[in-house]
Structure formats: structure tokens, C-alpha cells
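A short write-up of the structure that comes next.
The values are calculated or read from the model by the stated rules, or taken from the named source; none is laboratory data. Computed from a predicted model, the values in this text were never measured in an experiment. Note: ideal-geometry Cβ built from the backbone for every residue, glycine included; neighbour counts use all protein chains shown.
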Amino acid sequence: MTDMKLVQLIYVSAASAEYGPAELDNILDASVRNNPRAGLTGMLLYAAGSFMQVLEGDEAEVERRFAVISNDPRHHSLIVLDRESIAARSFSAWNMGFRQLGEHDSAAHPGYAPFFARGFDAASIGATPGLAFAMLKTFADQQRG
């Protein structure tokens, strides 16, 4: 595995329905179950009927998983915000971290709130380089506390 090219992919998508805790747990459980076998790590955020996710791992595995995700009927309108080679993982502690963002998060992170309070807006997030990664990293780091 010395030829492995490590990549990070960040995308946003719109949920096909407003998901409650049980449906979100099912999505997370599948990721936690499947990602270790593929050597994938990452973080998933859910806010106001939309998702933002980062996947990290071997390029072929990330692309394979993203193809599966792209065809998942639980969401639509996928937009890739960032896809790049990386030297090291930023979410190595997570097979798949998860956080549902709500009013408390808006109050605690007023700088990020406009980007998730009504769902993740790809155009506004993408207009600020590094914003998606910073948001994902901030909420992942808080999960450890």
C-alpha cells in the first residue's frame, strides 16, 4: 500500500426528507460499519435538511464511496466543494464523526451560522476557500470534548 494517494473530498447535498434521530443514526451506523474496511475517515454534518460531509482516504476508495453516496436516494443535489490530495488525515479519529447542527450551534458559532442555519448553501460556502473544512474541523474537534 505504499502507492496509496491520500485525498480529501468535501460535498454538500439536500436531504430527500427531513430526517429525525432514527434515520440519521442509520446513516451514521452504516458509515461506521463500512468505512474502516475501506480505510475511510471523515465527518458528517446535518443541518436544516441538508448534509455536508468530508471523506478522507485512498483516492480509489474515496471515489468508490462517493459514487455510492451519489446514488443514495436519501439525498440529492450533491455539489463537491473540494477534492484534493492531502499529506495527512485531518479526521483520523473518526470512522465517521457526526453532528446535527441546531439553534445552540448557531448561537455558539455566529460566524458559521449563516452558512448552515437554513441548510448548507454550496454557493456561499464555496465562495470562501477553506470554510467548509474549517466548519467540519471545528465541529469534529468539539465532539472530542
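A single member of VAL12, VAL68 is hydrophobic (A, V, I, L, M, F, W, C), in a strand (DSSP E or B) and more than 19 Å from GLN143 (Cβ to Cβ), and it is VAL12. For region 71-98, the candidate set comprises residues that are closer than 14 Å to VAL32 by Cα and not in a loop (DSSP other than H, G, I, E, B); within that set, the residue that is modelled with the highest pLDDT is PHE98.
Just one of the listed residues (ASP82, ASP58) is charged (D, E, K, R) and within 12 Å of the chain's Cα centre (by Cα), namely ASP82. So which pairs qualify, if the first residue must be in region 63-76 and in contact (Cβ under 8 Å) with a residue 12 or more places away in the chain and surrounded by fewer than 14 Cβ atoms within 10 Å (Cβ to Cβ), the second must be hydrophobic (A, V, I, L, M, F, W, C) and in a strand (DSSP E or B), the Cβ gap must be under 7 Å, and the two must be at least 6 apart or on different chains? These pairs meet every condition: HIS76/ALA14.
Screening the candidates LEU24, LEU9, LEU55, LEU40 for the property of being surrounded by 15 or more Cβ atoms within 10 Å (Cβ to Cβ), farther than 24 Å from THR128 by Cα and modelled with pLDDT of 95 or more yields one hit, LEU40. Screening the candidates LEU81, LEU101 for the property of being surrounded by 17 or more Cβ atoms within 10 Å (Cβ to Cβ), in contact (Cβ under 8 Å) with a residue 40 or more places away in the chain, within 12 Å of GLN8 (Cα to Cα) and not aromatic (Phe, Trp, Tyr) yields one hit, LEU81. Say whether the condition of being in contact (Cβ under 8 Å) with a residue 60 or more places away in the chain and loosely packed, with under 15 Cβ neighbours inside 10 Å is met by at least one residue in region 122-145. Within region 122-145 (the criterion being in contact (Cβ under 8 Å) with a residue 60 or more places away in the chain and loosely packed, with under 15 Cβ neighbours inside 10 Å), the answer is no, since none of the residues qualifies.
When each of SER16, SER31 is tested for being within 17 Å of SER92 (Cβ to Cβ) and touching a residue at least 12 places away in the same chain (Cβ under 8 Å), the lone residue that passes is SER31.
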